Amino acid sequence: MHRIRLLVPLLCAGVLLAAPLARSGSSTVVVSQIYAGGGNSGATYANDFVELLNRGATAVDVSGWTIQYATAPGTTWQATALSGSIQPGRYYLVELASGGAVGSPLPAPEASGTANLAVSGGKVALVRDANALTCGASAGSCAASATVEDLVGYGSATDYEGAGAAPAGSSTTALVRAGGGCTDTDVNSADFSTAAPAPRNSSATAASCGVSPPPAGVSQSAAVDVQVQPVLTIALERSSISFGTAVSGETPAAIPEHVTVLSNDLAGYTVSVHRSAFAPADLPLGIAIGAASLAPIPIAPAADLVLVTTSAPSAGAGDLLAANVGFASPLPVVGPGRYTATVTFTVIGR
């Protein structure tokens, strides 16, 4: 847990208050076939399915990966968990929902899910973790996700690889990748065409995609890593707040004190505040967020007043917290002089 504290002195004279508050290149494992007509009227097969192919020369462990589906315009994705490994040139069959009791059963699948694919259009993504995607509203938006291994937008889909979406299928046709599943130009409209569905599982005849290095070639790999440091900062609009002069019984107008938080903590953060007592006598200092009523600021060591809690990192330029610092009630009868206190804002990574 990371913690940053920013101390702000408060001065008050009569009430002189100071201090305020992608994926690049072609994939090794690709979506080789999509069938969205399962169980529909006239369907060839009773269930929708997605077929994968390992185009590479080595086995790929897909444990923890998911097949995810979103509607043609949607950004809410339904995930189906994968497990095990896909051997070189082998297919991997994912059985999905059925639209009715029509069609033949699929070959034994390697994974099963409940996503119901739309025939007219949708998006299917192969993702290297279990986190649901949030992209897909526009063409190319999912390409920015580093976890997307392969993406197929078809029919009326709003997102797809390359210049256009793959065609829509039907109850009797599937979207089939060219070259027996081996062709991957990262352009859905060029890589897929419609054909009779022919689901293949790991027992099917292996494909030969010809991705081995040339016989005379020599390869060597280099490990690459980067250590991303935690970022957690807090900044105040004002380095001090002064309410000027006032008399007992008055309630000076509140003064804005905007707080900016920058955090890359994926779990979010919490911003809280406390203060010291005014000297030589305490005054009823308070704080509000936006148009809310002023709430008293606790005096340390009492528990801090929580201003905001988030469950996500901040925006790139930081999150702005619009606070106002003022007096929660009229100034009490106190002797003349300058009254000072200190307000402390704290941001804690969750």
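The values are calculated or read from the model by the stated rules, or taken from the named source; none is laboratory data. The model shown is predicted, which means the values in this text are computed figures rather than measured ones. Positions of Cβ are backbone-derived with ideal geometry, glycine not excepted, and every protein chain shown enters the neighbour counts.
The set of residues in the range 88-98 being buried (at least 20 other Cβ atoms within 10 Å of the Cβ) and either within 20 Å of ALA157 (Cα to Cα) or among the charged types (D, E, K, R) (or both) consists of ARG90, GLU95, LEU96. Within the range 323-341, the only residue that satisfies the criterion of being in contact with a Pro (Cβ under 7 Å, 6 or more places away or on another chain), of a type in the set (A, V, I, L, M) and not in a loop (DSSP other than H, G, I, E, B) is VAL325.
Find the residue count for the range 254-276, including only residues that are surrounded by 15 or more Cβ atoms within 10 Å (Cβ to Cβ) and either among the polar types (S, T, N, Q) or more than 27 Å from the chain's Cα centre (by Cα) (or both). If you could, list the steps in order and put the result at the bottom.
Residues of the range 254-276 surrounded by 15 or more Cβ atoms within 10 Å (Cβ to Cβ): 254-255, 257-263, 265, 268-276.
From what is left, the residues that are either among the polar types (S, T, N, Q) or more than 27 Å from the chain's Cα centre (by Cα) (or both) are 254-255, 257, 260, 263, 270, 272-276.
Total meeting the criteria: 11.
Among the hydroxyl-bearing types (Ser, Thr, Tyr), assigned by TED's automatic domain parsing to the domain that holds GLY99 and touching an Asp or Glu at 6+ places or on another chain (Cβ under 7 Å): does that describe THR185? Taking the combined requirement at face value, the residue satisfies it.
Scanning the range 121-145 for residues that are over 25 Å from GLY37 (Cα atoms) and of a type in the set (A, V, I, L, M) yields ALA130, ALA143, ALA144. The set of residues in the range 219-238 that are in a loop (DSSP other than H, G, I, E, B) and surrounded by 11 or more Cβ atoms within 10 Å (Cβ to Cβ) comprises VAL231, GLU237, ARG238. Of ALA146, ALA130, ALA115, ALA139, all but one fail to be surrounded by fewer than 18 Cβ atoms within 10 Å (Cβ to Cβ), part of a loop (DSSP other than H, G, I, E, B) and touching a strand residue (DSSP E or B) at 6+ places or on another chain (Cβ under 7 Å); the exception is ALA130.
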